[in-house]
1. When residues of the range 288-305 are filtered for being within 16 Å of the ligand (Cβ to nearest atom) and open to solvent by less than 10 Å² (accessible area, probe 1.4 Å), how many remain?
2. Which one is farthest from the chain's Cα centre (by Cα) among residues in the range 14-54 that are within 18 Å of LEU78 (Cβ to Cβ) and open to solvent by less than 60 Å² (accessible area, probe 1.4 Å)?
3. Conditions first: (1) part of a helix (DSSP H, G or I); (2) out of contact with any Pro (no Cβ under 7 Å at 6 or more places or on another chain); (3) among the charged types (D, E, K, R); (4) open to solvent by less than 80 Å² (accessible area, probe 1.4 Å). LYS100 passes all but one, so which condition is the exception?
4. Taking the criterion of being in the same structural domain as GLY281 (by TED's automatic domain parsing), under 19 Å from VAL128 (Cα atoms) and either part of a helix (DSSP H, G or I) or within 16 Å of the ligand (Cβ to nearest atom) (or both), would at least one residue in the range 55-78 satisfy it?
5. As an exercise: evaluate ASP132 against (1) assigned to a helix (DSSP H, G or I); (2) out of contact with any Pro (no Cβ under 7 Å at 6 or more places or on another chain); (3) in contact (Cβ under 8 Å) with a residue 24 or more places away in the chain and give the number of the one condition it does not meet.
6. Restricting to the range 266-277, count the residues that are hydrophobic (A, V, I, L, M, F, W, C), outside any helix (DSSP H, G or I) and over 21 Å from ALA84 (Cβ atoms).
7. Assess whether GLU127 counts as being surrounded by 18 or more Cβ atoms within 10 Å (Cβ to Cβ) and touching a Lys or Arg at 6+ places or on another chain (Cβ under 9 Å).
8. Identify, from the list ALA84, ALA89, the residue that is within 11 Å of the ligand (Cβ to nearest atom), part of a helix (DSSP H, G or I) and surrounded by 15 or more Cβ atoms within 10 Å (Cβ to Cβ).
Amino acid sequence: MPEFQTSPGMRDILPPESARWRKFVDVFAQVVQGAGYGQVISPLLEDLGVFQRIGDATDVVTKEMYDFVDKGGRHIALRPELTASICRAFVQHRPVTPWKIWYTGSQFRYEKPQRGRYRQFDQVGIEVLGADDPNLDVEIIALGWEFFHSLGLQQVKLLLNSLGEPADRAAYVEALKAYFEANVDALSDESKVTLQKNPLRVLDSKRPQDAALVAGAPKIAAFYSEGAAAHFAAVQAGLTSLGIPFTVESKLVRGLDYYRHTTFEYQGLTLDSAQNALGGGGRYDGLVESLGGPATAGVGFALGLDRTLLACDDESVFAPPATEVAVFVVDTTGGSEALAITTALRAVGVSADRAYENRSMKSQMKAADRSGATYAVIIGSNEVDAGTAVVRPLRAERTPDGEGTQITVPRTELIDHLRKAIS
Ligand code: AMP
């Protein structure tokens, strides 16, 4: 075993899988840019305080953060998510509202690694700051839905809930607290601790011991104010009008105090229940304010790239894109012809590769086959003397003996010939 390997929960993404990651982001960008979202590229590091403002009741902030003191004595954290950075950026730059943005990048959480759960993982997401309109919640949920379907995923379930207005939520939290406290002996030890910090989060418990109590807990719907009920009804009506199926799941709470009204989650039905959240989000208030900005409504989601690709594998969709080159140049005269031809091909937009180290004809032809190229260009001393090049189809037009019908073209016409053949 080599002395150095990736740390636990961290992976090298190699070709061709890495090409799939890029395409994933490209597809996402296309979907959201088509709806008026612009990309924000945030730093990987932020002042620790930025994330502490998200709240101290989540494991993400209390237990899982990679934080350290830098050489200037600043307490810094590797970002565990991007909503806080986006809100910090909003306060710093004061853009015109509604600010519709998208992002992509790696996040870092010191979690117990397992399939679909890593310490460095990637997300794509959108946020809109400065607009409080149920139609926007619908737009956002629909964009995530459309994105999953653009990848080819079918086995995705949309769960929807509302946490009501802050006062509704506060009353609900009190009722939940009273309910769980009255039954505290039956709760798992972990949930007893959670109950002290944030009763809502007890509803998230996936421990069998908590299942019956959680199922019998009071439901938030009984606490909705008129405005909250109207907002939730508008979101449901909007989704229905777009033909997007959803299931109302009253246990779907976001633990953070900032969340209000709509919350949602996309579940991958082929994944294990502990890691089946492909992504989720909701409407939040107060985060911008807590970072020093004006009271600003926010809504958005983050989707996990790693986990969504696992779901794609399960459904055999969204395969890695082809990364082949169009032309492979085989040069048995030393390599300078290959250098000239590959450079000229690339300059006219034809992808081209070659072999190195002046290998034998046989070895170079093998490399040409492996490259997936459509054509091999073959240059030996005869071709150099005659000012020609041999063009051999590698994939199409094969003859029964397995060889393509090759042709000889004048060297001066080679680049143009290939450019036309490829297009
Ligand atoms: P969250 O920011 O916790 O709401 O997570 C949003 C999405 O990011 C989840 O639904 C997952 O798809 C993904 N995600 C969160 N944590 C991890 C992790 N440790 N490893 C892989 N994906 C993750």
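The values are calculated or read from the model by the stated rules, or taken from the named source; none is laboratory data. None of the values given here were measured: they were computed from a predicted structure. Please note: Cβ atoms are built from the backbone with ideal geometry, for glycine as well, and neighbour counts cover all protein chains shown. Side chains are part of the model used for accessible areas, which takes the heavy atoms of the whole protein and leaves out ligands, DNA and RNA. Shrake-Rupley method; radii C 1.70, N 1.55, O 1.52, S 1.80 Å.
1. Keep residues of the range 288-305 that are within 16 Å of the ligand (Cβ to nearest atom), which gives 298-305.
Now narrow it down to the ones that are open to solvent by less than 10 Å² (accessible area, probe 1.4 Å): 298-301, 303, 305.
Residues that pass the stated criteria total 6.
2. From the range 14-54, those within 18 Å of LEU78 (Cβ to Cβ) are 40-54; that's our starting set.
The next check asks that each one be open to solvent by less than 60 Å² (accessible area, probe 1.4 Å); those that pass are 40, 42, 46, 48-51, 54.
Numbers: VAL40: 15, SER42: 15, GLU46: 20, LEU48: 24, GLY49: 25, VAL50: 22, PHE51: 20, ILE54: 21 Å.
Among them, the one singled out is GLY49.
3. Going through (1) part of a helix (DSSP H, G or I); (2) out of contact with any Pro (no Cβ under 7 Å at 6 or more places or on another chain); (3) among the charged types (D, E, K, R); (4) open to solvent by less than 80 Å² (accessible area, probe 1.4 Å) one by one, LYS100 breaks only (1).
4. Pass one, the range 55-78, residues in the same structural domain as GLY281 (by TED's automatic domain parsing): 55-78.
Filter again for under 19 Å from VAL128 (Cα atoms), leaving none.
Within the range 55-78, not a single residue is in the same structural domain as GLY281 (by TED's automatic domain parsing), under 19 Å from VAL128 (Cα atoms) and either part of a helix (DSSP H, G or I) or within 16 Å of the ligand (Cβ to nearest atom) (or both).
5. Among (1) assigned to a helix (DSSP H, G or I); (2) out of contact with any Pro (no Cβ under 7 Å at 6 or more places or on another chain); (3) in contact (Cβ under 8 Å) with a residue 24 or more places away in the chain, ASP132 violates only (1).
6. Let us first name the residues in the range 266-277 that are hydrophobic (A, V, I, L, M, F, W, C), namely 269, 271, 274, 277.
Applying the additional criterion that residues be outside any helix (DSSP H, G or I) yields 269, 271, 277.
Narrowing the set further to residues that are over 21 Å from ALA84 (Cβ atoms) leaves 269, 271.
Qualifying residue count, the range 266-277: 2.
7. Numbers: surrounded by 18 or more Cβ atoms within 10 Å (Cβ to Cβ): yes; touching a Lys or Arg at 6+ places or on another chain (Cβ under 9 Å): yes.
Taking the combined requirement at face value, the residue satisfies it.
8. Numbers: ALA89 fails: within 11 Å of the ligand (Cβ to nearest atom).
Answer to the selection: ALA84.
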